[in-house]
Amino acid sequence: MISRMRRGSHTPASNRNWIPGKENRSGQNNQLIIDYLAESLRYEDLKFLKGRVRKLEPFIRGNKSRRLGEEAGYPYLREDLDQILDSRTLERARHYIKRLVKSLSEFKTNGINDINLNRWKEYDDIITDSLWIFNRRDTSGSHLGWYWGNFVPQIPHQIILRFTKRGDWVLDPFAGSGTSLIECIRLGRNGLGVDISPSTVRRASAMIAKEPNLFGVTCELRKGDSTTADFHRICLSHGIKNVQLVIMHPPYFDIIKFGKNKGDLSNATSVNSFLEKFGKVVKQTSTVLEDGRYLVLVAGDKYQDGEWVPLGFQMMEEVKKYGFKLTSIVVKNFEDTRAKRDQKELWRYRALSGGFYVFKHEYIFIFRKRKKGN
Ligand SMILES: C[S@@+](CC[C@H](N)C(=O)[O-])C[C@H]1O[C@@H](n2cnc3c(N)ncnc32)[C@H](O)[C@@H]1O
């Protein structure tokens, strides 16, 4: 516990060697800043406390500022110090100091990802809103976008960061061109993929092999029918019992025919038969998903005989049958491809004359597997 100290008393031994602006102009480390701030908590007078914190200012602002923030590995240092200096009461200032000390010294996680909640401000690349608009797909590295019906890499990127930790295992039972597997490699997660189309698996495997594997993770794409695949055996072949995330991007029934194989969900004979096959994949994969972890379904709707078929929601209901709790629904835009741009006017005319709306969105359904007994 921090003992009370008279205002203006001397600096304790732990940080006596560091007074901002004096001895050390460079090479400050986290610990010195933490100690300096923690020491400020002893001040019982707001003016003196601010005076002490303000001594950090020359290092936070202007040219020197970067250095200190960067050395602390915390770019929001400046913002947080401003908040302390703007405080109107001693209690508030102390609260902000304690929070900043935590940001610099403690790692707080929800247990399913590597996000440090004490430094949540740093993660401005992670989307937390339920509307995702991507105007351009990520086409870097092996993400060539060669596969008709693939998803934008930003989807698995967001999902993997949010729902896995480094070293976790991700399963994609409709792997297609391997977009999620490539993201796994980039983000240091192990990836298992299955796809029914042999030619797709061949080409995707070649692309995946080209992706630099900086974290040395395992990534495997197999040919198989996910309605009957033995995911336990696949996991065991890698020495694991469970995966920590399932990402699914099935065909949207028959909108795109992916191949001639009868087991291909895009060749189902009716919506009901499609949903039944899809349900089998959910069942098969759920048995290897660790309790309490996430299954993410990317799905869209379709028109049939002038009627909007809410396929996405029908699939959503199917997942819920297998012990999953729906935690979020994200709506994502369809970005304009050249082919779509060429057809835009035609579709607009059809929409105006037929009284319907042109699909511009799909869904990302987020489910959490219930823990046993829940
Ligand atoms: C919408 S695509 C997935 C695209 C993938 N997310 C990507 O970015 O490339 C659906 C995939 O499911 C595959 N598929 C269809 N039925 C399947 C089944 N029964 N088992 C495994 N894969 C299947 C198709 O071959 C197709 O590659």
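The values are calculated or read from the model by the stated rules, or taken from the named source; none is laboratory data. None of the values given here were measured: they were computed from a predicted structure. Glycine gets a Cβ as well: all are built from the backbone with ideal geometry, and neighbour counts include every protein chain shown.
Considering only the range 231-271, state which residues are in contact (Cβ under 8 Å) with a residue 40 or more places away in the chain and more than 12 Å from the ligand (Cβ to nearest atom).
His232, Ile234, Cys235, His238, Ile240, Lys241, Asn242, Val243, Gln244, Leu245, Val246, Val271
Please specify each residue of the range 175-196 satisfying the condition of being crowded, with 19+ Cβ neighbours inside 10 Å and not hydrophobic (A, V, I, L, M, F, W, C).
Answer for the range 175-196, where residues must be crowded, with 19+ Cβ neighbours inside 10 Å and not hydrophobic (A, V, I, L, M, F, W, C): Gly176, Ser177, Gly178, Thr179, Ser180, Glu183, Arg186, Arg189, Asn190, Gly191, Gly193, Asp195.
Glu71 fails exactly one of the following numbered conditions: (1) within 30 Å of Pro212 (Cβ to Cβ); (2) modelled with pLDDT of 90 or more; (3) out of contact with any helix residue (DSSP H, G or I) (no Cβ under 6 Å at 6 or more places or on another chain). What is the number of that condition?
For Glu71, the exception is condition (2).
With the requirement that a residue be outside any strand (DSSP E or B) and either of a type in the set (A, V, I, L, M, F, W, C) or away from the ligand (no atom under 16 Å from the Cβ) (or both), what does the range 293-313 give you?
Within the range 293-313, Asp305, Gly306, Pro310, Leu311, Phe313 qualify.
Give the residue, chosen from Glu335, Glu345, Glu290, Glu362, that is modelled with pLDDT under 90 and either closer than 20 Å to Asp129 by Cβ or in a strand (DSSP E or B) (or both).
That would be Glu335, the only listed residue that is modelled with pLDDT under 90 and either closer than 20 Å to Asp129 by Cβ or in a strand (DSSP E or B) (or both).
Please specify each residue of the range 83-93 satisfying the condition of being assigned to a helix (DSSP H, G or I) and surrounded by fewer than 20 Cβ atoms within 10 Å (Cβ to Cβ).
Gln83, Leu85, Leu90, Glu91, Arg92, listed by residue number.
Among the numbered conditions (1) within 16 Å of Val296 (Cβ to Cβ); (2) more than 10 Å from the ligand (Cβ to nearest atom); (3) in a loop (DSSP other than H, G, I, E, B), tell me where Ser140 comes up short.
Only one criterion in (1) within 16 Å of Val296 (Cβ to Cβ); (2) more than 10 Å from the ligand (Cβ to nearest atom); (3) in a loop (DSSP other than H, G, I, E, B) is unmet by Ser140, namely (1).
How many of the residues making up the range 212-230 are within 14 Å of the ligand (Cβ to nearest atom) and out of contact with any Phe, Trp or Tyr (no Cβ under 7 Å at 6 or more places or on another chain)?
Summing the residues that are within 14 Å of the ligand (Cβ to nearest atom) and out of contact with any Phe, Trp or Tyr (no Cβ under 7 Å at 6 or more places or on another chain) in the range 212-230 gives 9.
Quick one: is Thr164 surrounded by 17 or more Cβ atoms within 10 Å (Cβ to Cβ), within 16 Å of the ligand (Cβ to nearest atom), hydroxyl-bearing (Ser, Thr, Tyr) and within 18 Å of the chain's Cα centre (by Cα)?
no
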